[in-house]
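The values are calculated or read from the model by the stated rules, or taken from the named source; none is laboratory data. Just so it is clear, the structure is predicted and the values come from calculations on it, not from any experiment. All Cβ positions, glycine included, derive from the backbone under ideal geometry; neighbour counts span all protein chains shown.
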Ligand code: AGP
């Protein structure tokens, strides 16, 4: 998704703008640009490609360093119109009085564009964003914030914007609806961004805008109101991590760093949340009494992508440990299918970014239908976390790699703790709770054991790196892991990989198997193992190479596999976390051997904030 940075303050704006764009690169983009307010005029420089291309264009445009202290910048993930310089942001009006950067989609932009063209305005790009800046120009009567609010009230769709006006050089105007905007409050400087990683180098005091907030920003002040001109105040949040957390720290890729961080990330997710007296989990962010928890008669988990796979683990945990009927919904389906929601249904949104548009919409639909909503998010203060008003943060630290890894294992860990918490308000005994707690406490070390087996996993990946298609099969608790393993491989190596229930192969997909289509079979020693071994034999009978995951010491699996990835012995609740770490490493080394752009895979964005 697009990235926005704005700056006003004591420094040359160029530096925090470029630094901010670099920290937003992980979001995925295909062009970039910036605008500076310099000596009463707006100067704009844009480039197709990476931020480095923009820096070359900037050096050519300003041979001497630009001294402006006010500016906006943008990385564009193309929605309307191809990645070209003309379509890159910032966009300006015809008189170059305004410059604007935008994240989101203006759904009624064509109707607005026609109106503006009839009023004589000329357009130079294919974008919806240019319509917005021209609309602001048409509403301008000497007050930028009023003109911006008037324009936004005509807009249907989503926006996170920052606007400059050459006649009002001492402030920026920002606004949001559906696309996040965060304000960084520095000393004699204010930085605006799409997410915290772009401004954490300058301050750890931030304000998150809510939908339909608009703000006038100077170097030392933020004046907040709604687009209906109603003054509002938003709490100042404190960011508990610094720039080093968002650095590679010697790893070749963020993805590998984040895979190897998982022992620490999981330990942070668990810290302070296990009660050895009552044999339960302490999840105070749920803000629900024992009585409220006991009344929950159904759980619906809404999520997308990797978070959806984590949600599938939650379904198994909650039904197995807490006897609560649970279903997992792809958020985009849930939001549009008029779901049946009752007052004692818990609708749980699972989202690393806390900004995924479909998951946010699912939360709003569930709230509208009177359901009890909660979230499991990684980004503190994210929109989904704020709009649910209750939930559990992962504390996994910033996840920069587009392919989600540590967020997934922390989501699964939190879902297991949630099932423990709810189970202990029902039939789950204290003894069983203590057993689970003991295994959760060992989980970080067991994950570390898997990461230490990376060399063997790398060999398996290299052996099959030229495969053009691959299946991942599992049963029971390992079925969602098969789906997640396939998604990881798809995302970063660009080959077709399918996750399937192991029993499903015979119902069609087995027709695709031959010596060129390896199958990853999850045959750990958990319920379903013997059937998976049978499925492995079916695959090999069709000459498909088999890469199996197996529990340390298993005497049977190896004879039915071409490669074995060994996983420490663990219960059905914890084995999925260990196994997925191995599959993350498999996908990583597979893609690395193929020379793929692992941290920023083509076409992908870290947070899908549009439908
Ligand atoms: C996973 O590797 C992908 N990056 C993607 O599927 C992601 O999980 C999905 O877009 C949901 O994002 P969220 O967890 O931030 O809501």
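Just checking, how many residues over the stretch 222-244 are part of a loop (DSSP other than H, G, I, E, B) and in contact (Cβ under 8 Å) with a residue 12 or more places away in the chain? Don't jump to the end; show me each part of the working.
First pass over the stretch 222-244, keeping only residues part of a loop (DSSP other than H, G, I, E, B): 227-230, 232-236, 239-242.
Then drop every residue that is not in contact (Cβ under 8 Å) with a residue 12 or more places away in the chain, which leaves 227-229, 232, 234-236, 239-242.
Of the residues in that region, 11 qualify.
The set of residues in the stretch 284-310 that are under 23 Å from residue 433 (Cα atoms), modelled with pLDDT of 95 or more and in a loop (DSSP other than H, G, I, E, B) comprises 296, 297.
Residues that are over 21 Å from residue 609 (Cβ atoms) and buried (at least 24 other Cβ atoms within 10 Å of the Cβ) occur in the stretch 156-168; there is at least one. Scanning the stretch 1-25 for residues being closer than 13 Å to residue 198 by Cβ, touching a residue at least 60 places away in the same chain (Cβ under 8 Å) and outside any loop (DSSP other than H, G, I, E, B) gives a total of 11. A search for C-beta distances below 8 Å between a residue of the stretch 590-609 that is modelled with pLDDT of 85 or more and any residue that is within 12 Å of the ligand (Cβ to nearest atom) and assigned to a loop (DSSP other than H, G, I, E, B), counting only pairs 6+ apart in sequence or on different chains, returns 591/598; 592/598; 598/401; 598/403; 599/400; 599/401; 599/402. Quick one: would you say residue 543 is surrounded by fewer than 19 Cβ atoms within 10 Å (Cβ to Cβ) and over 26 Å from the mean Cα position of the chain (by Cα)? In short, yes. Of all residue pairs spaced 6 or more apart or on separate chains, those with beta-carbon atoms under 7 Å, a first member in the stretch 379-406 that is at positive phi and a second member that is within 13 Å of the ligand (Cβ to nearest atom) are 391/375; 391/376; 391/377; 391/385.
In the list 582, 597, which residue meets the criterion of being more than 12 Å from the ligand (Cβ to nearest atom) and either in a loop (DSSP other than H, G, I, E, B) or out of contact with any strand residue (DSSP E or B) (no Cβ under 8 Å at 6 or more places or on another chain) (or both)? Full working, then the answer.
Values: 582 fails: either in a loop (DSSP other than H, G, I, E, B) or out of contact with any strand residue (DSSP E or B) (no Cβ under 8 Å at 6 or more places or on another chain) (or both).
Answer to the selection: 597.
Kindly indicate whether any position in the stretch 204-217 is outside any strand (DSSP E or B), over 20 Å from residue 386 (Cα atoms) and out of contact with any helix residue (DSSP H, G or I) (no Cβ under 7 Å at 6 or more places or on another chain). There is no residue in the stretch 204-217 that is outside any strand (DSSP E or B), over 20 Å from residue 386 (Cα atoms) and out of contact with any helix residue (DSSP H, G or I) (no Cβ under 7 Å at 6 or more places or on another chain). Taken as a whole, the condition of being over 26 Å from residue 575 (Cβ atoms), surrounded by fewer than 24 Cβ atoms within 10 Å (Cβ to Cβ), away from the ligand (no atom under 11 Å from the Cβ) and under 17 Å from the mean Cα position of the chain (by Cα) applies to residue 381. With respect to residue 373, determine if the residue is in contact (Cβ under 8 Å) with a residue 40 or more places away in the chain and either more than 13 Å from the ligand (Cβ to nearest atom) or assigned to a strand (DSSP E or B) (or both). So residue 373 does not fit the description; no. Out of the residues in the stretch 311-357 meeting the condition of being part of a loop (DSSP other than H, G, I, E, B) and within 15 Å of the ligand (Cβ to nearest atom), tell me which one is nearest to residue 573 (Cα to Cα). In this case the residue turns out to be 352. Is it true that residue 558 is within 16 Å of the ligand (Cβ to nearest atom) and modelled with pLDDT of 95 or more? Spelling it out, it is not the case that residue 558 is within 16 Å of the ligand (Cβ to nearest atom) and modelled with pLDDT of 95 or more.
Just so you know, in the stretch 342-370 the residues that are over 17 Å from the mean Cα position of the chain (by Cα) and surrounded by 20 or more Cβ atoms within 10 Å (Cβ to Cβ) include one that is farthest from residue 293 (Cα to Cα), and it is 365.
For the stretch 143-165, which residues satisfy the criterion of being closer than 14 Å to residue 112 by Cβ and in a strand (DSSP E or B)? If you could, list the steps in order and put the result at the bottom.
Step one: of the stretch 143-165, the residues closer than 14 Å to residue 112 by Cβ are 150-157, 159.
Result: 157, 159.
If the condition is being touching a strand residue (DSSP E or B) at 6+ places or on another chain (Cβ under 7 Å), part of a loop (DSSP other than H, G, I, E, B) and modelled with pLDDT of 85 or more, then the stretch 26-41 contributes only 30.
Please indicate, with yes or no, whether at least one residue in the stretch 244-258 is surrounded by 22 or more Cβ atoms within 10 Å (Cβ to Cβ) and within 15 Å of residue 395 (Cβ to Cβ). Yes. Taking the stretch 386-482 and the helices (runs of 4 or more DSSP H) fully enclosed by it, the elements with 3 or more residues that are within 16 Å of the ligand (Cβ to nearest atom), within 23 Å of the chain's Cα centre (by Cα) and modelled with pLDDT of 95 or more are at 406-423. Among the residues of the stretch 483-527, the one identified as surrounded by 24 or more Cβ atoms within 10 Å (Cβ to Cβ), away from the ligand (no atom under 16 Å from the Cβ) and part of a helix (DSSP H, G or I) is 502. Name the one entry in 602, 569 that is in a loop (DSSP other than H, G, I, E, B) and either at positive phi or within 16 Å of the ligand (Cβ to nearest atom) (or both). Just one listed residue meets the conditions, 602.
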